[in-house]
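K.L.:
Below is one structure. I have some questions about it.
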Amino acid sequence: MASLGVGLHLIRKRGAGRSAAVERRNLLTVCRFSVKTLLDRSCFETIDDTSPDFVNFVSILEHILSHRLKGQTTWFGYESPRSFWDYIKAACGKVPHNCIRSIESMENVRASRAKGRAWIRVVLMEKRLSEYISSALRDFKTTRRFYEDGAIMLGEEAGLLADTLIGLNTIDFSFCLKGEGLDGSCPAVIDYTPYLKFIQNADSISSDEEEMRTMGSSGSESSSPDKMATAASIFTEQSNLVSKCKRFEQKYRMALEQKGYLEELVRLREAQLSEAASHNKALQQSLADTHLSHTLEKEQLEYIILELQDQLTVMKNNDLRSRQELTAHLTNQWPSPVALDANAVALDTLLYRKTMGQWEEKSFQSLEQLSADMSLSQTSLGPTHTLSVEARPTGTHWPHQGKEETPSLRGLCGSLTSVASYKSLASLKSSECLASPATEISSPGFTPS
């Protein structure tokens with residue numbers, strides 16, 4: 001029983017595979033016949049929505065695009081039927097200047113199947129049906145996601161289908177997108193009768209001729225044998241001529257179809273070649289512009305680097321010169337320790353003699369000599385801090401204004417004689433805080449009347 005069940009399963013599997021293969025072959029063959037019929041009709045009349053050959057072609061194309069199309073799984077695990085328009089939207093979105101958004105925005109087309117039928121008519125008028133199909137087939141990941149195994153769109157025949165549809169680009173279609181053909185509620189039905197032809201072989205033709213002779217002899221007994229032979233020869237010759245004419249007509253149509261197909265293929269390849277050449281030219285121009293801009297930027301950066309190096313060198317030299325000038329200025333600002341000691345001794349002597357009242361002409365001369373030495377040694381001190389002894393008349397004594405003279409200034413003047421006090425002068429910011437001998441002498445307590 002188990003072996004019988006396995007055998008039945010294999011038989012069913014083989015039968016299902018044969019049915020799928022026959023269905024694919026039938027659809028592709030009928031599609032090829034339909035394309036040839038449209039090419040023949042286009043030579044004599046305009047193809048529109050009312051043409052039965054066009055309606056049949058659209059039905060065939062819908063069956064091919066919907067062959068083994070997966071359903072859409074809902075939240076509850078059920079599969080709802082899906083139209084081929086969902087696959088076209090997902091797979092043909094990268095086609096340049098596509099019409100998908102225009103069809104989605106159509107107000108009179110609501111159903112998914114109706115949008116798919118509108119898309120077929122629009123791309124036929126644009127002469128881009130083969131381009132859309134080829135672009136969808138290149139997106140194999142999306143095609144695999146929408147179709148089950150054994151579908152026409154997943155087989156090798158799909159590439160031949162795209163090549164077959166190129167011939168339709170030679171036809172000027174004209175459709176109305178508001179007609180009854182866009183009704184999504186009506187299913188697509190294929191009419192096979194225009195493509196079913198019975199081909200009679202030679203033996204069958206000879207047997208038909210014998211029957212005709214027999215019928216002619218029985219129907220006309222009074223007719224002579226010569227007339228019967230003449231009629232038979234005329235009938236045979238006429239049938240031969242008709243068959244030859246049909247064969248020539250068929251060959252002519254095949255040659256015409258091949259010519260149109262090759263012309264369209266050459267036109268498509270020329271367009272692709274010109275597009276690739278223009279793209280290559282644009283890339284070369286962009287590369288040249290990029291190289292030129294890179295060269296200019298490099299030269300500008302090199303010039304900027306050299307300029308910055310020169311500025312850095314100048315700034316270093318200026319900084320070094322400023323440091324040297326500042327050092328020299330600070331060094332020459334204060335007098336030497338020897339000059340400070342000599343000035344302090346002279347000031348002590350002057351104060352001592354002033355206190356004791358011994359102001360003689362000799363002492364004033366010595367004081368003038370010391371003042372001259374001080375003016376030469378203290379070049380950095382201002383004229384406001386020095387006292388010109390020459391302005392005082394000789395022999396003039398400092399008057400006492402009732403204030404007792406104390407030796408309080410001796411300590412202040414004597415502090416200038418020490419080396420430590422001189423070192424502390426370097427920390428002062430200016431000479432305004434320095435008590436010079438001239439300022440001490442010109443104090444209000446010793447100002448002469």
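Residue-by-condition table, conditions (1) modelled with pLDDT of 85 or more; (2) crowded, with 16+ Cβ neighbours inside 10 Å; (3) touching a helix residue (DSSP H, G or I) at 6+ places or on another chain (Cβ under 6 Å):
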position	(1), (2), (3)
GLY5	no, no, no
HIS9	no, no, no
LYS13	no, no, no
ALA20	no, yes, no
ASP53	yes, yes, yes
LEU65	yes, yes, yes
GLU104	yes, no, no
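K.L.:
Can you tell me how many residues within the range 274-286 are open to solvent by 90 Å² or more (accessible area, probe 1.4 Å) and of a type in the set (A, V, I, L, M)? Step through it out loud before you land on a result.
P.N.:
Step one: of the range 274-286, the residues open to solvent by 90 Å² or more (accessible area, probe 1.4 Å) are 275, 279, 281, 283-285.
Of the ones still in play, those that are also of a type in the set (A, V, I, L, M) are 283.
Residues flagged as open to solvent by 90 Å² or more (accessible area, probe 1.4 Å) and of a type in the set (A, V, I, L, M) within the range 274-286 amount to 1.
K.L.:
Another question, if that's okay. Determine whether the range 305-328 contains at least one residue that is surrounded by 10 or more Cβ atoms within 10 Å (Cβ to Cβ), outside any helix (DSSP H, G or I) and at pLDDT below 90.
P.N.:
no
K.L.:
Give the range 106-123 a look and list any residue that's touching a residue at least 40 places away in the same chain (Cβ under 8 Å), open to solvent by less than 10 Å² (accessible area, probe 1.4 Å) and under 33 Å from the mean Cα position of the chain (by Cα), or say none.
P.N.:
Of everything in the range 106-123, those that are touching a residue at least 40 places away in the same chain (Cβ under 8 Å), open to solvent by less than 10 Å² (accessible area, probe 1.4 Å) and under 33 Å from the mean Cα position of the chain (by Cα) turn out to be GLY116, ILE120.
K.L.:
Looking at the range 161-188 only, could you name the residues that are open to solvent by 10 Å² or more (accessible area, probe 1.4 Å), within 23 Å of ASP40 (Cβ to Cβ) and more than 36 Å from the chain's Cα centre (by Cα)?
P.N.:
Of everything in the range 161-188, those that are open to solvent by 10 Å² or more (accessible area, probe 1.4 Å), within 23 Å of ASP40 (Cβ to Cβ) and more than 36 Å from the chain's Cα centre (by Cα) turn out to be THR164, THR170, ASP172, PHE173, SER174, PHE175, GLY181, ALA188.
K.L.:
What number of residues in the range 141-188 are in a loop (DSSP other than H, G, I, E, B) and in contact with a helix residue (DSSP H, G or I) (Cβ under 6 Å, 6 or more places away or on another chain)? Don't jump to the end; show me each part of the working.
P.N.:
At the first step, the residues of the range 141-188 found to be in a loop (DSSP other than H, G, I, E, B) are 148-151, 155-156, 171-179, 183-188.
The next check asks that each one be in contact with a helix residue (DSSP H, G or I) (Cβ under 6 Å, 6 or more places away or on another chain); those that pass are 150, 171, 173, 175, 177, 184, 188.
Number of matching residues: 7.
K.L.:
Continuing with the same structure: So for the range 52-66 (the condition being part of a loop (DSSP other than H, G, I, E, B) and within 43 Å of the chain's Cα centre (by Cα)), does at least one residue qualify? Before the answer, list the steps.
P.N.:
Restricting attention to the range 52-66, the residues satisfying the condition of being part of a loop (DSSP other than H, G, I, E, B) are 66.
Now narrow it down to the ones that are within 43 Å of the chain's Cα centre (by Cα): 66.
Yes, the range 52-66 contains a residue that is part of a loop (DSSP other than H, G, I, E, B) and within 43 Å of the chain's Cα centre (by Cα).
K.L.:
Kindly indicate the residue of the range 146-160 that is free of Cβ contacts under 8 Å to residues at least 60 places away in the same chain and of a type outside the set (A, V, I, L, M, F, W, C) and also least open to solvent (accessible area, probe 1.4 Å) among those meeting that condition.
P.N.:
Looking at residues that are free of Cβ contacts under 8 Å to residues at least 60 places away in the same chain and of a type outside the set (A, V, I, L, M, F, W, C), I get GLY159.
K.L.:
Can you say whether SER34 is at pLDDT 90 or above and among the hydroxyl-bearing types (Ser, Thr, Tyr), as far as the supplied structure shows?
P.N.:
Values: at pLDDT 90 or above: yes; among the hydroxyl-bearing types (Ser, Thr, Tyr): yes.
Criteria met by SER34.
K.L.:
Sticking with this structure for a sec: Could we say that ALA277 is modelled with pLDDT of 85 or more and more than 30 Å from ARG32 (Cα to Cα) here?
P.N.:
Numbers: modelled with pLDDT of 85 or more: yes; more than 30 Å from ARG32 (Cα to Cα): yes.
The answer is yes for ALA277.
K.L.:
Just name the residue that is nearest to the chain's Cα centre (by Cα) out of those in the range 224-273 that are modelled with pLDDT under 75 and surrounded by 13 or more Cβ atoms within 10 Å (Cβ to Cβ).
P.N.:
SER239
The values are calculated or read from the model by the stated rules, or taken from the named source; none is laboratory data. Everything quoted here is computed from the prediction, not taken from an experiment. Ideal geometry is used to build each Cβ from the backbone, glycine not excepted, and the neighbour counts take in all protein chains shown. When the accessible area is computed, the model is the full protein with side chains, heavy atoms only, and any ligands, DNA or RNA have been set aside. Shrake-Rupley method; radii C 1.70, N 1.55, O 1.52, S 1.80 Å.
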